[in-house]
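Just below is one structure, and these are the notes that go with it.
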Amino acid sequence: MVFEKVKEIIVDQLGVDEEEITLETTFEDLGVDSLDLFQIVIEIEESFNIKIENAEDIKCVKDAVEFIEAQK
Amino acid sequence: MKEVYISGTGKYLPENIVTNDDLAKIVDTSDEWITTRTGIKERRISSGEDTSLMATYAAKLALENAGISAEELDFIIVATTTPDNFTPSTACLVQSNLGAAKAAAFDINAACTGFIYALNVATHLLKSGPYKHILVIGAETLSKIVNWKDRNTCVLFGDGAGAIVLSASMKKGVGTIILGSDGQKGEVLQSHALPVINPFIKTNDLQDKNHYVAMDGREVFKFATGVMVDSIEKLLQREEINLSEVKYIVPHQANFRIIDYAAKKLDVDINKFYVNLDKYGNTSSASIPIALDELNKKGLLNKNDNVIMVGFGGGLTFGAALVKWQK
C-alpha cells in the first residue's frame, strides 16, 4: 500500500501522530518547511526506487501517493 | 612505513560578529527562520582581512601548538575557494608572512571539501617523500562571493581559517582517506570566476555571469546527506572499526539539518557530531580545521581517540578521513 508507506515515512520523519495523516493532509497543515520536505522526498525516492523532479508540486499526501503510483 | 600525524592546530575568526538579527536589517529574514532551517545563530564576517591574512593567523597558532618553527616547513598547502589573487597563490602569501623560506607553497580548490583533499595530498607527500612537516590550511573569505541581497544564501556563510601541522612520525595518526567528485552535478552549487572577455569577442556574445554563490538547496541537501552516510560507512569498513570506537565525527559545518538527518540515517547519537555552526555558519574549507582546533584546545581529545572528518561541497566534491589523535 503506497499510502501506508508514505504515512509511515511522514510519521517517522516528522514525529507526528499516525492519526494526523490522511490523503487530504497538506504538508502546510503539518508545519513542514522545505528541508523537511527534502527529507520526505529522499525517503520516498529510496523506498519506491523512483525519482521526484518537481518536489515543490507535491502539496499534500494525495499528491505524493498519486505521483508514486504514476511512476511505478 | 613512515606514518603521519596531526602535531598542531590553530584557527582564526574575524572579530566582527554578525547575528541573525543583524541580517534581518539588510534582507527580508528573521532569527526564527534562519535558526530553524540551518541552526546558525551568528557568523564572523571580515572587517577587511583577506583570506591570506586569516590563514596566516591560524597558521601561526598551529605552528606554536606543534612546537615547530616556520623554517622547518616543507610545504604549505592552502585549500580555498576565495583566494586573494589568481596569482600569487594564498599559500605563497602565507609563506611570505611566516618567513617559511624552505617551503614549497600552493593552493588547491575543492570548495567545502578542500581541507580533506589537502590533508590527503599532504599525507601522501609526507609518506612518500623526504619531508617532515606540512602546513595544511583551510581559509575562506566567503563574504566576498556571497550575494548580500539574496536571503536564501547570504545567511548561510561566514569567514574564517583553520590550520593544522601534519608531521611525519613512527606512530600512525592519519588513517584511511576517501575522496570523490561528481562534476556532472557541478551546476547545483556554483560561483563563477571571470567571463571570457577579449578584443576578438563581440560584446553581445558575452554571457551574463556573476561571481555570487548560487545553489540548488534540495540537490545539495540530498547529495550532502547521501555522501556523508556513504563515506562514513566506507571508512568504518576499511578501518574495520565501528562507530562506538569513534570519539567524534567532525562534519563540514553547512547546516544542522543536514547533520541531524545524516545522524539519523547512520543511527548514531547526534552528540557524536561536533557542531559549531551556530557560532560561525558555513566557512567552507575552513570549517573542519576550525572545529578540530576547538576540540583540541578544549581538551576534548585524548591520545588514541579516533576522529572522523567528513566534508562535502561544490564541484560537487566529497571526502572523509579517519584520524587517530596522537598529540
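Key figures for this structure:
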read-out	value
Scan of region B:7-27 for residues that are within 30 Å of residue B:66 (Cα to Cα), part of a strand (DSSP E or B) and either in the same structural domain as residue B:297 (by TED's automatic domain parsing) or not hydrophobic (A, V, I, L, M, F, W, C) (or both), ordered by number	B:7, B:8, B:9, B:10, B:11, B:12
Among (1) of a type in the set (A, V, I, L, M, F, W, C); (2) closer than 25 Å to residue B:223 by Cα; (3) away from chain B (no Cβ under 13 Å), the one test that residue A:21 misses	(2)
Residue match in region B:100-110 (condition: under 23 Å from residue B:296 (Cβ atoms), among the basic types (Lys, Arg) and not assigned by TED's automatic domain parsing to the domain that holds residue B:291)	no
Residue that is farthest from residue B:37 (Cα to Cα) [pool: residues in region B:208-251 that are away from chain A (no Cβ under 11 Å) and of a type in the set (Gly, Ala, Ser)]	B:244
Members of region B:302-327 that are in contact (Cβ under 8 Å) with a residue 40 or more places away in the chain and either touching a Lys or Arg at 6+ places or on another chain (Cβ under 7 Å) or of a type in the set (D, E, K, R) (or both)	B:305, B:306, B:307, B:316, B:324, B:325, B:326, B:327
Test for residue A:61: is it more than 14 Å from chain B (Cβ to nearest Cβ) and over 23 Å from residue B:37 (Cβ atoms)	no
Pick from region A:24-54, criterion aliphatic (A, V, I, L, M) and within 10 Å of the chain's Cα centre (by Cα), ranking: surrounded by the fewest Cβ atoms within 10 Å (Cβ to Cβ)	A:37
Filter result for residue B:77 (outside any strand (DSSP E or B) and crowded, with 24+ Cβ neighbours inside 10 Å)	no
Residue in region B:28-63 that is surrounded by the fewest Cβ atoms within 10 Å (Cβ to Cβ), counting only those that are within 14 Å of another protein chain (Cβ to nearest Cβ) and assigned to a helix (DSSP H, G or I)	B:32
Among the residues listed as B:313, B:217, the single one being out of contact with any Ser or Thr (no Cβ under 6 Å at 6 or more places or on another chain) and not acidic (Asp, Glu)	B:217
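The values are calculated or read from the model by the stated rules, or taken from the named source; none is laboratory data. The model shown is predicted, which means the values in this text are computed figures rather than measured ones. Cβ: placed from backbone, ideal geometry, glycine included. Neighbour counts: every protein chain shown.
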